[in-house]
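These notes concern the structure reproduced below.
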Amino acid sequence: MTIALFHNTTVPSELIAKLSRQFPGTSLVQKTERCVLFTGLAESANKLAVRELAKPYQTDIGIIPTHFDPTAIKVLAMDMDSTLINIECVDEIADAVGKKAEVSAITEAAMRGEIKDFCESLRRRVALLKGTPAQALDDVFNQRLKLNRGATELITEAHARGIHTLLVSGGFTFFTEKLQEQLNLNEVHANQLEIVDGFLTGRVLGDIVDGSAKAHFVQARCIAMGVTKHAAVTMGDGSNDLLMMTGSGLSIGHHAKPIVQEQADIAFNFVGLNAWLDLL
């Protein structure tokens with residue numbers, strides 16, 4: 001088994017020494033100053049325990065799947081809210097009509113996996129937005145939405161390497177389409193809010209992009225490019241992202257909910273979105 005260590009500047013030598021003592025017989029591979037690999041670990045090594053060991057050093061750790069081939073990556077699939085960007089857009093829209101606390105509570109429960117039916121949770125949240133001026137969407141994008149650290153570098157480098165960038169969101173097309181234009185993303189999928197006479201109706205048009213739909217879009221893109229899902233890197237933060245992460249070449253949780261931290265190959269809590277590129 002191989003573990004990867006990621007740091008914002010330089011992986012601390014003290015942490016490297018500690019891991020070398022804890023896992024004797026392993027081999028050290030220095031990818032970059034910010035990324036170090038330990039190969040030859042026993043499969044029984046506890047991923048979460050190793051992560052806890054690295055936490056005081058502000059270093060992120062992940063298990064690299066045996067099927068991960070850095071030369072074969074062709075697709076980068078990302079969630080939007082709280083992954084590519086810093087906010088949950090639906091919560092911020094709700095803030096415009098004084099319903100953020102109510103909507104956020106549903107969002108958090110859904111992201112933690114406590115509400116199993118994502119479609120129902122989204123409909124409940126959007127219904128609370130009825131009567132919101134459409135201008136609130138522009139205000140959220142222009143005043144509150146920021147790209148998370150490393151996002152621009154990630155997309156730029158992915159494109160330079162010929163990797164297809166795919167944004168798959170349980171959020172809204174208003175934001176994914178603006179981000180597509182801003183970042184030159186290859187492909188975006190999200191939910192469309194119904195707007196009539198300049199106001200949100202509290203309804204979503206068409207099929208809802210839930211976890212199954214996200215997984216479908218990733219698989220469809222891989223098939224279209226003539227590759228398996230092992231050629232995809234997937235990034236997300238909530239339970240709605242787990243299906244698309246399953247079976248991908250590398251799955252990465254970004255400031256993720258506990259259920260995703262546990263199941264993703266890598267959990268980023270300190271480094272930027274582009275840190276995994278050091279593996280290539």
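A few remarks follow.
- Scan of region 21-66 for residues that are surrounded by 16 or more Cβ atoms within 10 Å (Cβ to Cβ) and among the polar types (S, T, N, Q), ordered by number: Thr26, Thr59
- Scanning region 26-34 for any residue that is under 24 Å from the mean Cα position of the chain (by Cα) and closer than 22 Å to Gln263 by Cα turns up nothing.
- Here the helices (runs of 4 or more DSSP H) wholly within region 100-162 that include at least 1 residues being of a type in the set (Lys, Arg) and more than 18 Å from the chain's Cα centre (by Cα) are 100-111, 118-127.
- Against the conditions (1) free of Cβ contacts under 8 Å to residues at least 24 places away in the same chain; (2) surrounded by 19 or more Cβ atoms within 10 Å (Cβ to Cβ); (3) β-branched (Val, Ile, Thr), Thr234 satisfies every one except (1).
- Selection count where residues are surrounded by fewer than 18 Cβ atoms within 10 Å (Cβ to Cβ) and either out of contact with any helix residue (DSSP H, G or I) (no Cβ under 7 Å at 6 or more places or on another chain) or of a type in the set (Gly, Ala, Ser) (or both), scope region 103-118: 8
- Search result, residues across region 164-180 that are part of a helix (DSSP H, G or I) and either of a type outside the set (S, T, N, Q) or surrounded by fewer than 21 Cβ atoms within 10 Å (Cβ to Cβ) (or both): Thr173, Phe174, Phe175, Glu177, Lys178, Leu179, Gln180
- Scan of region 232-264 for residues that are within 23 Å of Thr10 (Cβ to Cβ) and part of a loop (DSSP other than H, G, I, E, B), ordered by number: His255
- Here Thr59 clears all of (1) modelled with pLDDT of 90 or more; (2) in contact with a helix residue (DSSP H, G or I) (Cβ under 8 Å, 6 or more places away or on another chain); (3) over 30 Å from Leu167 (Cα atoms) except the condition numbered (3).
- Candidates are the residues of region 16-44 that are touching a strand residue (DSSP E or B) at 6+ places or on another chain (Cβ under 7 Å) and of a type in the set (Val, Ile, Thr); the one that is nearest to Met1 (Cα to Cα) is Thr39.
- Single match in Leu167, Leu145 (criterion: of a type in the set (A, V, I, L, M, F, W, C) and either more than 30 Å from Ala72 (Cβ to Cβ) or at pLDDT below 95 (or both)): Leu145
- Filter result (more than 19 Å from Gly238 (Cβ to Cβ) and in contact (Cβ under 8 Å) with a residue 40 or more places away in the chain) within region 175-226: Leu193, Ile195, Gly198, Phe199, Leu200, Thr201, Gly202, Arg203, Arg221, Cys222, Met225
- Of the residues making up region 67-84, just one is buried (at least 24 other Cβ atoms within 10 Å of the Cβ), over 13 Å from Ile252 (Cβ atoms) and of a type in the set (Val, Ile, Thr), namely Val75.
- Checking each residue in region 12-46 for being among the acidic types (Asp, Glu), part of a loop (DSSP other than H, G, I, E, B) and modelled with pLDDT of 90 or more picks out only Glu33.
- Residues that are at pLDDT 95 or above, part of a loop (DSSP other than H, G, I, E, B) and among the polar types (S, T, N, Q), drawn from region 62-95: Thr71, Asn86
- Taken over region 264-280, residues that are touching a Lys or Arg at 6+ places or on another chain (Cβ under 6 Å) and over 9 Å from His254 (Cα atoms) amount to 1.
The values are calculated or read from the model by the stated rules, or taken from the named source; none is laboratory data. From a predicted model like this one, the values you see are computed outputs, not experimental measurements. Reconstructed Cβ throughout: ideal geometry from the backbone, glycine too, with neighbour counts over all protein chains shown.
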